[in-house]
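Worksheet: one structure, shown below.
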Amino acid sequence: MLRLCSVFEVPADEVAAGSQGFDAIGGMQNHTATLSRCLDQRGWTQTVVTSRLGGSRGTTRLGSHGRVVRVGVRLRRLRQLWAWEALAHVWRHRSRVDLVHVHQGEDLAALPLGLLAARRHRCPLVVTLHCSTRHTVQGPSARAWLLLHLGGRLEAAVLRRASAVVALAEHTAGCLRLDGLPPERIHVIPSGFDPELFSGEIGGSFPRADPPRVGYVGRLAPQKGADLLVAAFGRLTGTVCLVIVGDGPDGDRIDEALDALPAQACVVRSGFVPHEQVPELLRSLDMLVLPSTYEELGSVLIETMAVGTPIVASAVGGIPEIVCDGRNGLLVPPGDVAALAAAIDRLVADADLASRLGACGRTTAARFAWPRLAACVAAVYETALSDVR
């Protein structure tokens, strides 16, 4: 199987060397990597072709049966150029390719590359929409306009030719059905969490502390709304410590907003944290806030539920499909700073509510363990392969 994705997890040796800071790490990297490892354990032979962006070109092993090929140029503003070099690897792939799986984020190169690969090797094409450029992307910027209009048309054209499409949320699946995509080709399989990684207890790297810690963990991009959390922090009536963890294109703007806070404000700012440290980090928070202006699903929400930390999130995209307001988290309207501040104050003041939301979140997360989800993806593969046999 040939997996094509613009981003993938950073090699462990480069994380240790600190070179991962070049490219922001988010849910899509963790999704593709954990899925690939689970499928490797199920015996699937995989070649992952992805961009080098934050590290070095080259090929590394993936589990027992696979490999990861990293290609492209180290340029932030020309990310799509990774696909030019990837095309050569895809076209002259030496071993047999039975299936191509493309992971589509906010990258206009992955889908046509996958379509070419499937045609070259005369095999089924499976597409996972981590972010639908046609239905999910919003915003007034030129980049958002390009993704919505050019990317949306490209997405629709490729999906019509795919054997199967995996949406992370029913919200997106419904949009695809309205586009006329046959329902039998659409599958809803969300992101998940690695139960082995998230089964430990809190250690000493991120200890709990007073005052309550209100945190954001993830990629710093405009649509993630970390600036809204900083604005809400200034309106809180209770005393809390604001924790911002992550890196990305919006990092400088978030740092400027944090610098503008009063000198006595309790703020903890950290950059990239390796994924194996994320469970402990999430446990150290008294709540996680994800104030996205648009979002397909938000895998950090599932990971946060897995450790029993309560959540405040925007009611956008597929988030309401996993966060039930007042049951396993609190939902607020997107972009509403006053409502965001009120929800945070409510959780800070009501320890019983926070405990109840966290406990219910653990129950919710149990449905999203990656081994189970990987089996669902494997079933999609088998169906696509059986259709061409």
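The values are calculated or read from the model by the stated rules, or taken from the named source; none is laboratory data. Being a predicted model, the structure only gives us computed values, none of them experimental. Because the Cβ atoms are built from the backbone with ideal geometry, glycine has one as well, and the counts that use them run over all protein chains shown.
Annotations
- Of everything listed in (1) closer than 26 Å to residue 198 by Cα; (2) touching a strand residue (DSSP E or B) at 6+ places or on another chain (Cβ under 7 Å); (3) not in a helix (DSSP H, G or I), the single unmet condition for residue 49 is (1).
- Selection status of residue 102, at pLDDT 95 or above, outside the structural domain of residue 297 (by TED's automatic domain parsing), over 13 Å from residue 6 (Cα atoms) and outside any helix (DSSP H, G or I): no
- Residue list for the range 359-389, restricted to those being more than 18 Å from residue 3 (Cβ to Cβ) and charged (D, E, K, R): 362, 367, 372, 387, 389
- When residue 153 is tested against (1) within 27 Å of residue 376 (Cα to Cα); (2) surrounded by fewer than 17 Cβ atoms within 10 Å (Cβ to Cβ), exactly one condition is not met: (1).
- Yes/no for residue 267 being modelled with pLDDT under 95 and either under 19 Å from the mean Cα position of the chain (by Cα) or within 18 Å of residue 332 (Cα to Cα) (or both): no
- For the range 64-82, the set of residues classified as surrounded by fewer than 14 Cβ atoms within 10 Å (Cβ to Cβ) and at pLDDT 90 or above consists of 64 only.
- Residue match in the range 348-369 (condition: surrounded by 15 or more Cβ atoms within 10 Å (Cβ to Cβ), of a type in the set (Asp, Glu) and either in contact with a Lys or Arg (Cβ under 9 Å, 6 or more places away or on another chain) or at pLDDT 95 or above (or both)): no
- Failed criterion for residue 276 (all others in (1) more than 15 Å from residue 26 (Cα to Cα); (2) surrounded by fewer than 20 Cβ atoms within 10 Å (Cβ to Cβ) hold): (1)
- Wholly enclosed helices (runs of 4 or more DSSP H) of the range 140-258 bearing at least 1 residues closer than 19 Å to residue 291 by Cα and without any contact (Cβ under 8 Å) to a residue 60 or more places away in the chain: 142-146, 226-233
- Which listed residue, of 37, 61, 3, is touching a strand residue (DSSP E or B) at 6+ places or on another chain (Cβ under 7 Å), at pLDDT 80 or above and either surrounded by fewer than 20 Cβ atoms within 10 Å (Cβ to Cβ) or assigned to a helix (DSSP H, G or I) (or both): 61
- Here residue 388 meets each of (1) at pLDDT 95 or above; (2) in contact with a Pro (Cβ under 8 Å, 6 or more places away or on another chain); (3) of a type outside the set (Ser, Thr, Tyr) with one exception, condition (1).
- Scanning the range 270-317 for residues that are of a type in the set (Ser, Thr, Tyr) and more than 23 Å from residue 341 (Cβ to Cβ) yields a count of 1.
- Any hit, the range 371-379, residues being in a strand (DSSP E or B) and either closer than 27 Å to residue 28 by Cβ or over 17 Å from the mean Cα position of the chain (by Cα) (or both): no
- Taking the criterion of being among the charged types (D, E, K, R) and in contact with a His (Cβ under 9 Å, 6 or more places away or on another chain), the residues of the range 135-180 that qualify are 155, 179.
Every residue, every condition in (1) outside the structural domain of residue 188 (by TED's automatic domain parsing); (2) more than 24 Å from residue 293 (Cβ to Cβ), yes or no:
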{"position": "338", "(1), (2)": "yes, no"}
{"position": "343", "(1), (2)": "yes, no"}
{"position": "350", "(1), (2)": "yes, yes"}
{"position": "363", "(1), (2)": "yes, yes"}
{"position": "377", "(1), (2)": "no, yes"}
{"position": "380", "(1), (2)": "no, yes"}
